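Visitor: Here it is: the structure, laid out below.
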Amino acid sequence: MKKQFDYTSSDAQGTMIQPIHPAIFDIQRYRDYEAELLECNQSFWKAEEGVQVYRRFREPEVFSYGCRDMRRSLSLQLAGLQLSMEYKADIANFLEPWYGIGTVASAFGCEYIWHQGQAPATEPPFSSVSEALKYEPQPVERTPIGRHTLEMIEYFLDVTKGQIPISLTDTQSPFNSASYLIETSAFYMSVIDCPEELQRLTDRIAELNINFTRKQMELLGDALVSPGHGFASSRYFSGVGMSDDNMMMLSPEQYKLIEAPANGKFGNAFEGPVFHSCGNWSGKIDAVKQIEHLQAVDGAFSAETDPDPNPREPFGEAFTGNGIVVNARIVGDKETIMDQVRRLWRPGMKLIVVTYCPTPMEQSEVYNEIHEYCK
């Protein structure tokens with residue numbers, strides 16, 4: 001039977017976990033566990049080719065309504081970290097101060113709307129790009145959302161004594177953030193009607209992104225792992241990850257004109273951009289590869305991960321021999337994962353296989369098979 005995306009699941013990439021009290025989490029044990037993996041992380045990131053396996057632990061509530069309570073969020077995430085040590089992998093899981101995706105949009109006056117049982121939402125405050133350009137945004141850290149995110153980082157650091165890896169909050173691309181500011185129809189018409197104005201807006205948002213990212217990094221210090229949200233991350237990986245899902249609405253030419261410059265500007269302030277989009281973005285590969293100093297890309301590679309997953313072959317061909325890492329998310333059983341890996345992998349490629357195996361035994365079998373096939 002053909003595998004399909006489960007629309008009834010609250011999070012197809014999530015693992016349901018019971019929270020634990022931070023006092024019972026063994027910080028030193030996790031620190032030792034992570035330390036055992038760091039050398040191979042460093043070697044992989046510096047190498048011209050190779051493969052790593054990451055068993056992602058993502059608790060659905062953390063990335064939904066539960067983000068409002070930073071204490072519960074930490075308890076759930078620590079439970080995930082504790083459980084993750086039972087699953088064979090090359091990259092440790094990390095904590096994330098997730099608080100929705102409207103962070104930078106808040107600089108333009110967007111406020112969070114909380115619907116029962118859902119992640120926070122925002123409403124666009126402007127009717128046109130020119131109206132948004134006339135607005136003088138404030139620094140993100142001065143907004144309620146920005147302050148909450150920084151307080152969340154401080155809380156995580158305090159409880160874990162700064163010993164546990166922590167990423168930046170979920171970082172949206174400048175184009176994604178711009179889409180939260182302007183009424184939807186007007187926003188996408190601006191791609192055709194006033195692309196230069198839209199480019200100016202995304203450039204301004206890139207500056208806000210840079211400044212708020214620096215604020216987070218100042219707090220995180222040595223606890224910081226990169227690239228961040230949605231990516232396998234390590235203290236020895238580099239670049240800054242950004243979600244760029246709305247690029248699916250653009251042609252490759254529009255993407256290169258409007259988006260790529262702002263993405264490059266933001267990412268290159270932090271050792272290079274790292275790209276993510278949901279869905280099948282294989283038709284934009286050439287445009288994405290032109291982002292200056294691109295470090296890594298992320299994509300979904302099975303029908304259980306995304307209702308429109310990426311084809312494997314174009315990624316294997318495009319990201320071989322150039323040092324750009326492919327972070328491949330593959331929800332499914334062992335046969336599904338290995339089928340995708342065999343079609344995706346090429347010698348000379350840098351591949352991170354992100355698995356969601358339900359048991360430590362299956363994870364161990366998948367881990368061994370991946371390394372055997374890609375050696």
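Each reported figure results from applying straightforward, stated rules to the coordinates on display, with no laboratory input. Keep in mind it's a predicted model, so treat the numbers as computed, not measured. With ideal geometry, Cβ positions are generated from the backbone for all residues, glycine too; neighbour counts draw on all protein chains shown.
Visitor: Each label point is 7 Å from the Cα along the Cα-to-Cβ direction; what then is the distance between the points at residue 23 and residue 196, in nm?
Guide: For the pair residue 23/residue 196, the computed spacing is 6.4 nm.
Visitor: What residue among 180, 344, 23 has its Cα farthest toward the positive end of the dipole of segment 22-373, where the charges are +1 on Lys, Arg and -1 on Asp, Glu, each on the Cβ?
Guide: Highest projection toward the positive end goes to 23.
Visitor: Another question, then. Can you tell me the dipole magnitude for segment 22-373 around its Cα centre, using point charges on the Cβ only (Lys, Arg +1; Asp, Glu -1), in Debye to the nearest 20?
Guide: Rounded to the nearest 20 debye, it is 420 debye.
Visitor: Also, quick follow-up: Which of the residue pairs 88/289; 215/265; 256/350; 46/284; 46/289 have a Cα-Cα distance greater than 21 Å in the structure shown?
Guide: 88/289; 256/350; 46/284
Visitor: Using the scaling law 2.2 N^0.38 Å as the reference, what is the normalised Cα Rg of segment 304-375?
Guide: Rounded to two decimals, the normalised Rg is 1.07.
Visitor: With a cut-off of at most 11 other beta carbons within 10 Å, and DSSP calling the residue loop, which trypsin sites (Lys or Arg not before Pro) in segment 220-309 qualify? Please list them.
Guide: Details: sites: 235, 256, 265, 284, 289; in loops: 235.
Passing sites in segment 220-309 do not exist.
Visitor: Whole angstrom only: what separates the Cα centroid of segment 225-270 from the Cα centroid of segment 320-352?
Guide: 20 Å
Visitor: Compute the length gained on full extension between residue 248 and residue 131: take 0.36 nm times their separation in residues and subtract their Cα-Cα distance, giving the result in nm to one decimal.
Guide: Taking 0.36 nm per residue and subtracting the Cα distance, the gain is 39.7 nm.
Visitor: Taking a ≥ b ≥ c as the square roots of the eigenvalues of the Cα gyration tensor of segment 112-270, is the shape rounded (a/c under 1.5), prolate (a/b larger than b/c) or oblate? Can you show the working numbers first?
Guide: Numbers: a/c = 2.10, a/b = 1.58, b/c = 1.32.
Here segment 112-270 falls in the prolate category.
Visitor: OK, next. From the convex hull of the Cα coordinates of the chain, what is the mean projected area in square nanometres?
Guide: Working: hull surface 68.1 nm².
Approximately 17.0 nm², given one-decimal rounding.
Visitor: Looking at segment 1-40, which trypsin sites (Lys or Arg not before Pro) are DSSP coil and have at most 15 other C-beta atoms within 10 Å of their C-beta? Working shown, then result.
Guide: Working: sites: 2, 3, 29, 31; in loops: 2, 3.
In loop regions of segment 1-40 (DSSP not H, G, I, E or B), the sparsely surrounded trypsin sites (Lys or Arg not before Pro) are 2, 3.
Visitor: Report the chymotrypsin sites (Phe, Trp or Tyr not before Pro) located in segment 103-160 that are in a DSSP loop and have at most 16 other Cβ atoms inside 10 Å of their Cβ, or state none.
Guide: Here the sparse-neighbourhood loop sites are 114, 135.
Visitor: Please give the contour-minus-distance gain from residue 163 to residue 184: 0.36 nm per residue of separation, less the Cα-Cα distance, rounded to one decimal in nm.
Guide: Answer, rounded to one decimal: 3.3 nm.
Visitor: Compute the label zone of residue 155 within segment 59-74: residues whose backbone N is under 11 Å from the point 7 Å along Cα-to-Cβ.
Guide: Taking a point 7 Å out along Cα→Cβ of residue 155, the residues of segment 59-74 whose backbone N falls under 11 Å are 67-74.
Visitor: Can I ask one more? Taking the simple approach of a point 7 Å from Cα along Cα-to-Cβ for both residue 364 and residue 39, what is their distance in nm?
Guide: 2.2 nm
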